[in-house]
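Scroll down for the structure; my scribbles are underneath it.
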Ligand SMILES: Nc1ncnc2c1ncn2[C@@H]1O[C@H](COP(=O)(O)OP(=O)(O)OP(=O)(O)O)[C@@H](O)[C@H]1O
Ligand SMILES: [Mg+2]
(Lines give C-alpha, C1' and ligand atoms only; values in the text may rest on other atoms or scores of the structure.)
(Ligands and ions follow the chains in the order given, each with its own letter.)
Protein backbone atom coordinates (compact mmCIF):
# COMPACT_ATOMS: atom_id res chain seq x y z
CA UNK A 1 0.00 0.00 0.00
CA UNK A 2 1.41 3.35 -1.04
CA UNK A 3 0.75 6.40 1.02
CA UNK A 4 2.65 9.65 1.34
CA UNK A 5 4.89 9.14 4.34
CA UNK A 6 6.98 12.30 3.96
CA UNK A 7 6.30 15.47 2.00
CA UNK A 8 8.56 18.45 1.39
CA UNK A 9 6.91 21.51 -0.11
CA UNK A 10 8.80 24.65 -1.15
CA UNK A 11 7.32 27.83 -2.58
CA UNK A 12 3.83 26.53 -3.30
CA UNK A 13 1.64 29.61 -2.82
CA UNK A 14 2.20 30.80 0.77
CA UNK A 15 3.89 27.56 1.86
CA UNK A 16 7.56 28.55 1.68
CA UNK A 17 9.33 25.52 3.08
CA UNK A 18 7.78 22.59 4.93
CA UNK A 19 8.86 19.08 5.73
CA UNK A 20 5.99 16.95 6.99
CA UNK A 21 5.48 13.38 8.15
CA UNK A 22 1.98 12.07 7.58
CA UNK A 23 -0.27 9.39 8.98
CA UNK A 24 -1.12 6.58 6.53
CA UNK A 25 -4.69 7.13 7.66
CA UNK A 26 -6.35 10.51 8.30
CA UNK A 27 -4.45 13.81 8.26
CA UNK A 28 -6.52 16.74 9.47
CA UNK A 29 -5.30 20.22 8.49
CA UNK A 30 -7.04 23.05 10.27
CA UNK A 31 -6.50 26.78 10.24
CA UNK A 32 -8.03 30.12 9.39
CA UNK A 33 -9.09 31.23 5.93
CA UNK A 34 -6.10 31.95 3.74
CA UNK A 35 -3.67 30.05 5.99
CA UNK A 36 -2.48 27.54 3.33
CA UNK A 37 -4.62 24.42 3.80
CA UNK A 38 -5.81 24.10 0.21
CA UNK A 39 -2.30 24.98 -0.99
CA UNK A 40 -0.96 21.86 0.69
CA UNK A 41 -3.61 19.69 -1.00
CA UNK A 42 -2.75 21.43 -4.25
CA UNK A 43 0.93 20.53 -3.81
CA UNK A 44 0.00 16.85 -3.35
CA UNK A 45 -2.31 16.92 -6.36
CA UNK A 46 0.30 18.63 -8.49
CA UNK A 47 2.93 16.04 -7.61
CA UNK A 48 0.53 13.17 -8.28
CA UNK A 49 -1.00 14.40 -11.54
CA UNK A 50 0.96 17.37 -12.91
CA UNK A 51 -2.17 19.50 -12.59
CA UNK A 52 -3.65 21.81 -10.03
CA UNK A 53 -7.32 21.25 -9.21
CA UNK A 54 -7.88 24.99 -8.80
CA UNK A 55 -6.57 26.49 -11.98
CA UNK A 56 -5.04 25.36 -15.22
CA UNK A 57 -2.28 27.96 -14.98
CA UNK A 58 0.28 26.13 -12.89
CA UNK A 59 2.59 29.15 -12.61
CA UNK A 60 0.01 30.75 -10.31
CA UNK A 61 0.91 28.30 -7.58
CA UNK A 62 4.57 29.40 -7.50
CA UNK A 63 5.13 31.67 -4.53
CA UNK A 64 5.26 35.35 -5.59
CA UNK A 65 8.75 35.74 -4.10
CA UNK A 66 10.22 32.71 -5.86
CA UNK A 67 10.90 31.53 -9.40
CA UNK A 68 10.34 27.87 -8.72
CA UNK A 69 8.03 25.56 -6.75
CA UNK A 70 9.51 22.26 -5.58
CA UNK A 71 7.66 19.25 -4.16
CA UNK A 72 9.13 15.97 -2.99
CA UNK A 73 7.46 12.90 -1.49
CA UNK A 74 8.61 9.65 -0.03
CA UNK A 75 5.96 6.96 -0.14
CA UNK A 76 5.29 4.25 2.42
CA UNK A 77 7.02 1.66 0.21
CA UNK A 78 10.15 3.84 -0.05
CA UNK A 79 9.48 5.20 -3.56
CA UNK A 80 10.69 8.76 -4.03
CA UNK A 81 8.98 11.29 -6.30
CA UNK A 82 10.21 14.82 -6.88
CA UNK A 83 9.08 17.63 -9.11
CA UNK A 84 9.99 21.23 -9.73
CA UNK A 85 8.15 23.85 -11.71
CA UNK A 86 10.21 26.88 -12.67
CA UNK A 87 8.24 29.92 -13.74
CA UNK A 88 7.54 30.02 -17.51
CA UNK A 89 9.48 26.78 -18.03
CA UNK A 90 8.53 23.14 -18.23
CA UNK A 91 8.34 21.07 -15.08
CA UNK A 92 10.88 18.41 -14.16
CA UNK A 93 9.57 15.15 -12.74
CA UNK A 94 11.64 12.38 -11.17
CA UNK A 95 10.68 8.95 -9.90
CA UNK A 96 13.46 7.11 -8.03
CA UNK A 97 15.96 9.60 -9.55
CA UNK A 98 14.82 8.71 -13.05
CA UNK A 99 13.59 11.58 -15.13
CA UNK A 100 10.00 11.09 -16.28
CA UNK A 101 8.69 12.33 -19.62
CA UNK A 102 5.11 12.38 -18.38
CA UNK A 103 2.99 11.53 -15.34
CA UNK A 104 1.96 8.00 -16.40
CA UNK A 105 4.10 6.14 -13.83
CA UNK A 106 3.69 8.62 -11.00
CA UNK A 107 -0.09 8.88 -11.43
CA UNK A 108 -0.31 5.08 -11.21
CA UNK A 109 1.63 5.11 -7.94
CA UNK A 110 -0.42 7.94 -6.45
CA UNK A 111 -4.11 7.63 -7.30
CA UNK A 112 -5.56 10.84 -5.87
CA UNK A 113 -9.18 11.91 -5.70
CA UNK A 114 -10.24 15.39 -4.80
CA UNK A 115 -13.47 16.09 -2.94
CA UNK A 116 -14.17 19.81 -2.73
CA UNK A 117 -16.86 22.34 -3.60
CA UNK A 118 -15.86 22.23 -7.28
CA UNK A 119 -16.63 18.48 -7.27
CA UNK A 120 -20.27 19.55 -7.68
CA UNK A 121 -19.29 20.06 -11.30
CA UNK A 122 -19.67 16.31 -11.66
CA UNK A 123 -23.42 16.70 -11.37
CA UNK A 124 -24.22 20.22 -12.47
CA UNK A 125 -21.46 20.79 -15.02
CA UNK A 126 -20.91 19.54 -18.56
CA UNK A 127 -19.85 16.06 -19.67
CA UNK A 128 -16.12 16.81 -19.54
CA UNK A 129 -15.99 16.48 -15.74
CA UNK A 130 -17.89 13.20 -15.85
CA UNK A 131 -15.63 11.82 -18.60
CA UNK A 132 -12.61 12.77 -16.55
CA UNK A 133 -14.15 11.05 -13.52
CA UNK A 134 -14.84 7.89 -15.51
CA UNK A 135 -11.43 7.85 -17.19
CA UNK A 136 -9.64 8.27 -13.87
CA UNK A 137 -11.04 4.87 -12.90
CA UNK A 138 -10.45 3.20 -16.25
CA UNK A 139 -6.86 4.48 -16.38
CA UNK A 140 -6.11 2.97 -12.98
CA UNK A 141 -7.51 -0.50 -13.71
CA UNK A 142 -6.97 -1.02 -17.46
CA UNK A 143 -3.33 -0.98 -18.56
CA UNK A 144 -3.98 -0.36 -22.25
CA UNK A 145 -6.58 2.36 -21.83
CA UNK A 146 -4.29 5.38 -21.91
CA UNK A 147 -2.54 4.29 -25.11
CA UNK A 148 -5.86 3.70 -26.87
CA UNK A 149 -7.24 6.99 -25.60
CA UNK A 150 -4.17 8.79 -26.95
CA UNK A 151 -4.68 7.18 -30.36
CA UNK A 152 -8.30 8.41 -30.46
CA UNK A 153 -7.15 11.91 -29.53
CA UNK A 154 -4.49 11.96 -32.24
CA UNK A 155 -6.88 10.62 -34.90
CA UNK A 156 -9.64 13.04 -33.87
CA UNK A 157 -7.24 15.99 -34.00
CA UNK A 158 -6.19 15.01 -37.54
CA UNK A 159 -9.76 14.28 -38.63
CA UNK A 160 -11.00 17.62 -37.28
CA UNK A 161 -8.13 19.44 -38.97
CA UNK A 162 -9.08 17.84 -42.30
CA UNK A 163 -12.78 18.62 -41.72
CA UNK A 164 -11.87 22.30 -41.50
CA UNK A 165 -10.18 22.31 -44.93
CA UNK A 166 -12.16 23.56 -47.93
CA UNK A 167 -12.99 21.55 -49.94
CA UNK A 168 -13.08 18.62 -47.53
CA UNK A 169 -11.19 15.59 -48.80
CA UNK A 170 -13.33 12.59 -47.85
CA UNK A 171 -10.64 10.05 -48.78
CA UNK A 172 -8.06 11.59 -46.55
CA UNK A 173 -10.52 11.58 -43.67
CA UNK A 174 -11.41 7.93 -44.24
CA UNK A 175 -7.71 7.11 -43.95
CA UNK A 176 -7.84 8.24 -40.29
CA UNK A 177 -11.18 6.58 -39.60
CA UNK A 178 -9.86 3.01 -39.60
CA UNK A 179 -7.45 3.66 -36.73
CA UNK A 180 -9.94 5.93 -34.99
CA UNK A 181 -12.75 3.36 -35.07
CA UNK A 182 -10.48 0.62 -33.80
CA UNK A 183 -9.14 2.67 -30.87
CA UNK A 184 -12.59 4.14 -30.10
CA UNK A 185 -14.09 0.67 -29.77
CA UNK A 186 -11.31 -0.32 -27.36
CA UNK A 187 -11.77 2.86 -25.31
CA UNK A 188 -15.53 2.25 -25.21
CA UNK A 189 -15.10 -1.38 -24.21
CA UNK A 190 -12.73 -0.46 -21.37
CA UNK A 191 -15.12 2.23 -20.14
CA UNK A 192 -18.12 -0.10 -20.35
CA UNK A 193 -16.33 -2.87 -18.47
CA UNK A 194 -15.22 -0.45 -15.77
CA UNK A 195 -18.62 1.16 -15.49
CA UNK A 196 -20.37 -2.19 -15.06
CA UNK A 197 -18.21 -2.82 -12.00
CA UNK A 198 -18.64 0.71 -10.72
CA UNK A 199 -22.45 0.68 -10.60
CA UNK A 200 -22.86 -1.86 -7.76
CA UNK A 201 -20.05 -0.14 -5.82
CA UNK A 202 -21.82 3.18 -6.21
CA UNK A 203 -25.19 1.71 -5.19
CA UNK A 204 -23.63 0.24 -2.05
CA UNK A 205 -21.86 3.45 -1.00
CA UNK A 206 -24.87 5.63 -1.80
CA UNK A 207 -27.04 3.38 0.37
CA UNK A 208 -24.46 3.44 3.17
CA UNK A 209 -24.46 7.24 3.06
CA UNK A 210 -28.23 7.25 3.47
CA UNK A 211 -28.74 8.80 0.06
CA UNK A 212 -31.16 6.15 -1.13
CA UNK A 213 -33.68 7.26 1.51
CA UNK A 214 -33.79 10.59 -0.24
CA UNK A 215 -33.94 9.67 -3.89
CA UNK A 216 -33.37 6.66 -6.03
CA UNK A 217 -30.35 7.41 -8.21
CA UNK A 218 -29.41 5.64 -11.41
CA UNK A 219 -26.17 6.16 -13.26
CA UNK A 220 -25.91 5.24 -16.92
CA UNK A 221 -22.92 5.21 -19.22
CA UNK A 222 -23.35 6.90 -22.61
CA UNK A 223 -20.58 6.05 -25.01
CA UNK A 224 -20.73 9.12 -27.25
CA UNK A 225 -22.54 7.55 -30.18
CA UNK A 226 -25.70 5.52 -30.64
CA UNK A 227 -25.48 2.39 -28.49
CA UNK A 228 -26.89 0.13 -31.22
CA UNK A 229 -24.90 1.45 -34.16
CA UNK A 230 -21.37 0.94 -35.39
CA UNK A 231 -19.14 3.99 -35.48
CA UNK A 232 -18.31 3.84 -39.26
CA UNK A 233 -21.99 4.15 -40.18
CA UNK A 234 -22.38 7.01 -37.65
CA UNK A 235 -19.42 8.79 -39.28
CA UNK A 236 -20.92 8.19 -42.73
CA UNK A 237 -24.31 9.62 -41.74
CA UNK A 238 -22.76 12.57 -39.89
CA UNK A 239 -20.31 13.48 -42.62
CA UNK A 240 -22.15 16.58 -43.87
CA UNK A 241 -22.60 17.96 -40.35
CA UNK A 242 -19.03 17.13 -39.35
CA UNK A 243 -17.77 19.02 -42.41
CA UNK A 244 -20.11 21.95 -41.72
CA UNK A 245 -18.89 22.38 -38.15
CA UNK A 246 -15.32 21.28 -38.81
CA UNK A 247 -15.65 18.92 -35.89
CA UNK A 248 -16.44 15.23 -35.34
CA UNK A 249 -19.86 15.23 -33.70
CA UNK A 250 -19.89 11.70 -32.29
CA UNK A 251 -17.27 9.41 -30.81
CA UNK A 252 -15.64 8.49 -27.51
CA UNK A 253 -14.77 12.17 -26.94
CA UNK A 254 -18.49 12.76 -26.38
CA UNK A 255 -18.99 10.02 -23.76
CA UNK A 256 -20.92 10.92 -20.62
CA UNK A 257 -22.52 9.54 -17.49
CA UNK A 258 -26.22 10.24 -17.16
CA UNK A 259 -27.11 10.74 -13.50
CA UNK A 260 -30.82 10.29 -12.89
CA UNK A 261 -32.92 10.89 -9.77
CA UNK A 262 -36.15 8.99 -10.36
CA UNK A 263 -37.24 10.08 -13.83
CA UNK A 264 -35.43 13.44 -13.79
CA UNK A 265 -31.86 14.64 -14.06
CA UNK A 266 -30.29 14.55 -10.58
CA UNK A 267 -29.19 18.17 -10.88
CA UNK A 268 -32.83 19.29 -11.25
CA UNK A 269 -34.03 17.52 -8.12
CA UNK A 270 -31.32 17.26 -5.47
CA UNK A 271 -30.43 19.95 -2.93
CA UNK A 272 -26.82 21.10 -2.71
CA UNK A 273 -26.20 18.91 0.35
CA UNK A 274 -27.80 15.91 -1.37
CA UNK A 275 -25.63 16.54 -4.43
CA UNK A 276 -22.58 16.55 -2.20
CA UNK A 277 -23.60 13.16 -0.78
CA UNK A 278 -24.05 11.85 -4.30
CA UNK A 279 -20.66 13.16 -5.44
CA UNK A 280 -19.03 11.67 -2.34
CA UNK A 281 -20.65 8.31 -3.13
CA UNK A 282 -19.38 8.45 -6.72
CA UNK A 283 -15.85 9.21 -5.57
CA UNK A 284 -15.79 6.69 -2.72
CA UNK A 285 -17.15 4.03 -5.10
CA UNK A 286 -14.10 4.53 -7.33
CA UNK A 287 -11.75 4.12 -4.37
CA UNK A 288 -13.50 0.90 -3.37
CA UNK A 289 -13.32 -0.49 -6.86
CA UNK A 290 -9.66 0.45 -7.22
CA UNK A 291 -8.64 -1.28 -4.00
CA UNK A 292 -10.64 -4.39 -4.89
CA UNK A 293 -9.30 -4.71 -8.40
CA UNK A 294 -5.69 -3.63 -7.92
CA UNK A 295 -5.05 -3.64 -4.16
CA UNK A 296 -3.94 -0.04 -4.54
CA UNK A 297 -5.44 2.59 -2.27
CA UNK A 298 -6.77 5.94 -3.34
CA UNK A 299 -5.47 9.02 -1.56
CA UNK A 300 -8.38 11.36 -0.84
CA UNK A 301 -7.88 15.11 -0.70
CA UNK A 302 -10.96 16.47 1.04
CA UNK A 303 -11.13 20.24 1.01
CA UNK A 304 -13.58 21.88 3.36
CA UNK A 305 -16.10 19.04 3.54
CA UNK A 306 -18.19 20.63 6.31
CA UNK A 307 -19.52 23.23 3.87
CA UNK A 308 -23.12 22.34 3.11
CA UNK A 309 -23.14 19.01 4.95
CA UNK A 310 -24.84 18.58 8.31
CA UNK A 311 -22.95 16.78 11.06
CA UNK A 312 -24.67 13.44 10.45
CA UNK A 313 -23.87 13.41 6.73
CA UNK A 314 -20.33 14.62 7.38
CA UNK A 315 -19.77 11.75 9.81
CA UNK A 316 -21.25 9.28 7.31
CA UNK A 317 -18.97 10.48 4.49
CA UNK A 318 -15.92 10.42 6.76
CA UNK A 319 -16.60 6.95 8.12
CA UNK A 320 -17.08 5.57 4.59
CA UNK A 321 -13.84 7.21 3.50
CA UNK A 322 -11.99 5.85 6.54
CA UNK A 323 -13.41 2.36 5.90
CA UNK A 324 -11.56 2.32 2.58
CA UNK A 325 -8.37 2.07 4.63
CA UNK A 326 -6.36 4.52 2.52
CA UNK A 327 -4.78 7.87 3.26
CA UNK A 328 -6.93 10.96 3.64
CA UNK A 329 -6.02 14.63 3.84
CA UNK A 330 -8.85 16.76 5.08
CA UNK A 331 -8.97 20.50 5.64
CA UNK A 332 -11.30 22.52 7.83
CA UNK A 333 -11.51 25.82 9.65
CA UNK A 334 -13.26 24.51 12.77
CA UNK A 335 -11.20 21.70 14.21
CA UNK A 336 -13.63 20.57 16.92
CA UNK A 337 -16.57 20.00 14.56
CA UNK A 338 -14.40 17.88 12.31
CA UNK A 339 -12.76 15.90 15.10
CA UNK A 340 -16.24 14.89 16.24
CA UNK A 341 -16.74 13.23 12.83
CA UNK A 342 -13.34 11.53 13.07
CA UNK A 343 -13.81 9.92 16.48
CA UNK A 344 -13.59 6.42 15.03
CA UNK A 345 -10.27 7.07 13.28
CA UNK A 346 -7.42 5.14 14.96
CA UNK A 347 -4.44 6.97 13.44
CA UNK A 348 -5.50 10.58 13.23
CA UNK A 349 -2.70 13.13 12.71
CA UNK A 350 -3.64 16.76 13.23
CA UNK A 351 -1.80 19.75 11.76
CA UNK A 352 -2.29 23.42 12.46
CA UNK A 353 -1.84 25.72 9.46
CA UNK A 354 -1.02 29.37 10.06
CA UNK A 355 0.32 31.80 7.45
CA UNK A 356 1.86 29.00 5.40
CA UNK A 357 3.47 27.29 8.38
CA UNK A 358 2.21 23.82 9.17
CA UNK A 359 2.84 22.31 12.59
CA UNK A 360 1.97 18.83 13.82
N1 LIG B 1 1.46 32.53 -5.78
C2 LIG B 1 1.23 32.86 -4.52
N3 LIG B 1 2.26 33.31 -3.73
C4 LIG B 1 2.06 33.63 -2.43
N5 LIG B 1 0.86 33.52 -1.82
C6 LIG B 1 -0.19 33.09 -2.54
C7 LIG B 1 -0.07 32.74 -3.91
N8 LIG B 1 -1.26 32.32 -4.37
C9 LIG B 1 -2.11 32.43 -3.32
N10 LIG B 1 -1.49 32.89 -2.20
C11 LIG B 1 -2.01 33.08 -0.86
O12 LIG B 1 -1.84 31.85 -0.14
C13 LIG B 1 -2.72 31.81 0.95
C14 LIG B 1 -3.20 30.42 1.16
O15 LIG B 1 -4.29 30.11 0.33
P16 LIG B 1 -5.14 28.78 0.55
O17 LIG B 1 -6.15 28.77 -0.49
O18 LIG B 1 -4.24 27.63 0.68
O19 LIG B 1 -5.84 29.04 1.97
P20 LIG B 1 -6.81 28.12 2.81
O21 LIG B 1 -6.16 27.84 4.11
O22 LIG B 1 -7.23 26.96 2.01
O23 LIG B 1 -8.04 29.12 3.05
P24 LIG B 1 -9.63 28.88 3.05
O25 LIG B 1 -9.98 28.37 4.43
O26 LIG B 1 -10.16 30.24 2.82
O27 LIG B 1 -9.97 27.93 1.97
C28 LIG B 1 -3.78 32.87 0.68
O29 LIG B 1 -3.57 33.93 1.58
C30 LIG B 1 -3.50 33.33 -0.74
O31 LIG B 1 -3.79 34.68 -0.93
MG1 LIG C 1 -9.05 26.45 1.18
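What tally of residues in the range 305-337 results from selecting those that are crowded, with 19+ Cβ neighbours inside 10 Å, within 15 Å of ligand 2 (Cβ to nearest atom) and at pLDDT 85 or above?
4
If a residue has to be part of a loop (DSSP other than H, G, I, E, B), at pLDDT 95 or above and either over 16 Å from residue 231 (Cα atoms) or within 20 Å of the chain's Cα centre (by Cα) (or both) to count, how many in the range 247-272 make the cut?
Number of matching residues: 1.
Taking the conditions exactly as written (away from ligand 1 (no atom under 14 Å from the Cβ), in a strand (DSSP E or B) and farther than 17 Å from residue 120 by Cα), does residue 336 satisfy them or not?
The answer is no for residue 336.
Any idea which of 41, 29 is under 15 Å from residue 7 (Cβ atoms), within 16 Å of ligand 2 (Cβ to nearest atom), assigned to a strand (DSSP E or B) and in contact with a strand residue (DSSP E or B) (Cβ under 7 Å, 6 or more places away or on another chain)?
After ruling out the rest, the residue left standing is 29.
Select from the range 10-22 the residues that are within 15 Å of ligand 2 (Cβ to nearest atom) and part of a strand (DSSP E or B) and list them in ascending order.
Once the filter is applied, which keeps residues that are within 15 Å of ligand 2 (Cβ to nearest atom) and part of a strand (DSSP E or B), the range 10-22 yields 12, 15.
Only one of 283, 276 is more than 16 Å from ligand 1 (Cβ to nearest atom), farther than 19 Å from residue 194 by Cα, under 20 Å from the mean Cα position of the chain (by Cα) and touching a residue at least 24 places away in the same chain (Cβ under 8 Å); which?
Only one candidate qualifies: 276.
Restricting to the range 346-360, name every residue that is touching a strand residue (DSSP E or B) at 6+ places or on another chain (Cβ under 7 Å) and on the phi > 0 side of the Ramachandran plot.
Result: 356, single match.
Can you name the residue in the range 160-199 that is outside any helix (DSSP H, G or I) and in contact (Cβ under 8 Å) with a residue 60 or more places away in the chain and, of all such residues, is farthest from residue 283 (Cα to Cα)?
168
The values are calculated or read from the model by the stated rules, or taken from the named source; none is laboratory data. On a predicted model such as this, the values are computed, not experimentally measured, just so you know. As a convention, Cβ positions derive from the backbone with ideal geometry for all residues, glycine included, and neighbour counts pool all protein chains shown.
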